[in-house]
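The values are calculated or read from the model by the stated rules, or taken from the named source; none is laboratory data. Keep in mind that what you see is a predicted model, and the values were worked out from it rather than measured. As a convention, Cβ positions derive from the backbone with ideal geometry for all residues, glycine included, and neighbour counts pool all protein chains shown. Keep in mind that these areas ignore ligands, DNA and RNA; they rest on the heavy atoms of the full protein, side chains included. Shrake-Rupley method; radii C 1.70, N 1.55, O 1.52, S 1.80 Å.
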Amino acid sequence: MSSATTPPDSDPTQRRRVHSMLKLYYGLNEEGKAAEAESLDPCDINGPHFDPEVYLNKLRKECSLGELMDHESCMVKQIRSLDSDMQTLVYENYNKFISATDTIRKMKNDFKKMEDEMDCLSANMAAITEFSARISGTLQDQHAQITKLSGVHTLLRKLQFLFELPARLNKCLELQAYAQAVSAHRRARCVLQQYSHMPSFRGIQDDCHVIMEQLAQQLRQKFRDGGSSAKDLSECVELLLQLDEPAEELCDKFLSHAQSRLEADLQGLEAELKDSTVTDTAGGSVRKTSPGSNPVSPTSSAINPFLSPTAGTDILEFIDRGCNEFVSNLCLVIASYQELFINRPQEGELASKNIPGMANGKLHAFVDTLAARYFSLVERRIQEEKGVGDNSLLVRALDRFHRRLQAISKLLPGSAVPSQGTEIVVRAARERIKQYLSALQTFYHDSLTDVRQALAAPRISVGGGSASGGGATSKDATPSLPELLTSLSNFILNQLKSVLASVHLFTAKDITFSNKPYFKGEFCSQGVREGLVVSFIKFICQSSRQYCESAGDRGGSTPPALLLLLSRLCLDYETSTISYILTLTDEQFLVQHHTPVTPVTALCAEAREAAQKLLNHYVKVQGLIISQMLRKSVETRDWVNTIEPRNVRAVMKRVVEDTTSIDVQVGLLYEEGVRKAHSSDSSKRTFSVYSSSRQQIRYAPSYTPSAPMDTNLLSNIHKLFSERIDIFSPVEFNKVSVLTGIIKISLKTFLECVRLRTFGRYGLQQIQVDCHYLQMYLWRFVSDENLVHFLLDEIVGSAAHRCLDPSPMEQSVIEVICERG
């Protein structure tokens with residue numbers, strides 16, 4: 001009490017503690033405190049022993065007037081700053097003190113009210129305690145008797161429940177309150193079993209057993225009917241399990257009942273499948289031709305493979321029906337089955353029977369069996385989808401089929417059904433690629449057939465409707481080879497683009513199965529690129545080479561113009577088309593070459609080889625046509641007894657005309673080529689029977705028998721030093737090389753035919769006239785005019801060698817006859 005009443009200023013320790021706390025609050029450090037404690041200088045203005053008189057005298061002694069005035073102004077500023085800080089601190093502390101005073105006053109009021117309530121509560125608790133003690137004292141003698149009576153009352157209620165149990169069960173059976181009946185029986189079953197040796201309890205147990213048998217029979221019938229809701233069925237199964245019904249038998253009954261309904265769905269799909277098959281068979285012989293046919297559109301000779309056949313039900317409707325009926329019902333069966341037997345909490349005795357494991361195995365077997373049948377029907381329907389005109393229906397159907405199967409994977413994890421469905425989609429995509437390849441091959445064959453018809457009957461319309469579209473020209477226009485080539489190339493390319501667009505639907509982003517690894521990798525590289533595009537390009541090259549078969553086979557009746565057109569088509573493929581098609585395919589399908597693929601260079605080499613073979617065969621065919629005319633003209637004439645020549649034979653004019661026609665035909669598709677420089681007198685070149693080594697024949701009669709001159713020997717020696725002419729050498733891709741090859745074959749045939757005949761004087765002169773006429777026109781078609789000169793020299797020389805009276809015609813006469821002819 002003495003310490004509490006002592007003023008704070010009288011205790012130095014307390015004062016220092018408060019002072020230090022204030023210094024801490026106002027940010028003064030301990031160093032200043034130590035300095036203050038240690039400083040005893042009366043001139044230290046901040047020290048506790050500061051003496052103003054001493055400080056002022058010191059300043060007057062040490063400082064000048066200017067320094068005193070400066071010091072005064074500095075102290076005035078410091079005093080003003082301290083006054084301002086002190087005023088601010090006073091205001092701040094005043095507000096805090098006011099707030100603290102209000103808070104304390106409020107707390108005093110609240111605590112006073114709380115003390116009154118606590119006093120009231122304490123008085124009430126004392127009264128309750130006193131009253132409870134009085135009750136306990138009053139009832140202490142009767143407590144044991146009340147406890148005994150309560151136990152007897154409980155036992156009587158249990159006995160009453162047991163005796164009323166049969167009536168209660170019958171009432172529940174009438175009201176179909178099966179859950180209440182089972183619950184009541186389960187409560188009493190253990191007691192009845194325990195006291196079954198007593199007759200009264202035995203009778204109750206027998207009555208209850210009969211009633212529960214009836215109840216179980218009704219539950220089984222309700223379960224078999226299956227017309228109830230899922231909730232009722234779930235309650236039914238739960239009650240049967242509580243009545244010790246075998247879980248395996250319940251699973252089998254549920255699945256058997258569900259199978260009958262799902263079988264009906266499958267039979268409906270199978271019936272629809274048979275109906276569509278009958279419809280397709282009945283309408284399979286109908287052929288439709290588009291009104292705007294053209295020579296390279298496959299509508300004039302066969303059914304367009306890109307037109308979809310008319311069927312009773314399209315595949316999308318079939319898949320929709322299967323998904324909406326079978327798959328939906330199967331999902332409902334799975335969900336209901338799982339709720340009844342697998343996902344239900346197992347308690348008591350049921351937990352030890354492992355019902356979920358047994359039920360799950362049966363469900364998997366059930367789903368796999370029915371799904372296999374459904375998949376077989378779907379695959380049969382997919383196989384009937386032969387028309388490749390509209391691929392969107394098939395893709396949408398497969399997408400819906402795949403999408404709906406994903407519900408089974410969510411309901412039944414671990415099931416193989418979704419993966420089997422994906423395999424069906426993959427097989428359908430592979431089969432679709434094969435169908436498109438077959439359709440492209442058929443389209444190509446039909447296009448070539450129409451080109452042949454256009455070449456045979458050139459007044460057919462060149463344009464018209466086709467699977468890829470195209471313009472139309474006048475019906476009386478004559479299609480030239482460039483027009484036919486352009487049309488054929490455009491139609492094939494456009495049809496291939498259309499097929500790629502149709503196949504690209506399998507990889508569209510909105511298609512659920514497009515994110516599968518197969519459709520991101522193997523489908524694009526091995527399926528589309530290799531199986532479709534590369535295979536079709538190889539087919540074009542291979543089928544084109546088949547036209548080069550020997551006479552008597554397929555190539556024997558091939559029009560030469562078709563050979564020329566196909567050679568140019570293959571050459572265009574080698575130069576640009578193949579690279580364009582494969583680049584387009586790689587960009588459109590984002591092909592990643594993880595597996596080996598056919599390089600562009602290999603396909604281009606194959607196309608060039610086909611073009612070379614076709615062009616060589618064209619040269620051979622055209623050369624043989626002209627050779628046939630020359631051979632017949634030589635073999636059917638009597639060269640010994642012929643009359644004196646007055647004109648050029650008609651066959652020579654025909655040869656020149658045909659060669660000119662071939663020159664024009666080849667020039668439409670191929671460039672000119674390179675020629676050697678022509679001499680100024682190419683058309684004036686003369687042919688003498690004494691040319692080269694055969695000039696010796698002229699002097700042969702003057703030779704004496706003792707010194708004969710073997711002209712055959714001289715001719716053979718001359719051939720040894722002549723440049724060898726390869727008659728059937730490969731030609732280059734230009735007009736000059738093609739015409740050179742044809743003329744070589746023709747003149748070589750003419751030479752060989754002349755070597756097999758015997759000539760008279762006029763026969764030799766006729767050969768001279770014919771050769772001079774050929775020389776006048778043929779030199780301009782070949783790359784080297786010396787080749788024509790050499791072969792014609794050989795022909796005239798061979799005729800002279802085979803002549804009985806080698807008297808040549810004057811050159812001036814030959815020129816007059818040829819100019820007149």
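See the values below:
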quantity	calculated
The stretch 254-261 - phi-based ³J(HN,Hα) in whole Hz, Karplus 6.51/-1.76/1.60, Gly and Pro as x	4, 5, 5, 5, 5, 5, 4, 6
Cα centroid of the stretch 563-628 to Cα centroid of the stretch 311-332, whole Å	46
Other-chain or far-sequence residues with amide H under 5 Å of residue 640's (modelled H)	760
Gap separating the Cα centres of the stretch 380-406 and the stretch 797-819, nearest whole Å	80
For residue 753, solvent-accessible area (1.4 Å; no DNA, RNA or ligand), Å²	10
Most to least accessible of 497, 113 (protein chains only, probe 1.4 Å)	113, 497
Across 253/274; 434/538; 222/410; 653/676; 386/410; 497/735, pairs whose alpha-carbon gap is larger than 23 Å	253/274; 222/410; 653/676; 386/410; 497/735
Electrostatic dipole magnitude of the stretch 71-241 [Cβ: Lys, Arg +1; Asp, Glu -1; Cα centre; debye, to 20]	720
Candidate aspartates and glutamates for bridging to residue 61, where Cα separation is under 13 Å - those fewer than 8 sequence places away on the same chain excluded	53
Carbon plus sulfur fraction of accessible area for the stretch 71-241, probe 1.4 Å, in percent	57
Lys, Arg +1 and Asp, Glu -1 on Cβ, resulting dipole of the stretch 363-423 about Cα centre, debye, nearest 20	200
Built amide H within the under 5 Å cut-off of residue 803, gap 5+	759
Using θ = phi - 60° and Karplus 6.51 cos²θ - 1.76 cosθ + 1.60, couplings along the stretch 409-416 (whole Hz; Gly, Pro as x)	5, 6, 6, 10, x, x, 6, 8
With all protein chains modelled, accessible area of residue 131 [1.4 Å, Å²]	120
Gyration tensor verdict on the stretch 71-241 (Cα atoms; rounded if a/c is under 1.5, prolate if a/b is larger than b/c, oblate otherwise)	oblate
Residue order for 445, 153 - accessible surface, 1.4 angstrom probe, largest first	153, 445
Nearest-10 value in Å² for the accessible area of residue 72, using the 1.4 Å probe	120
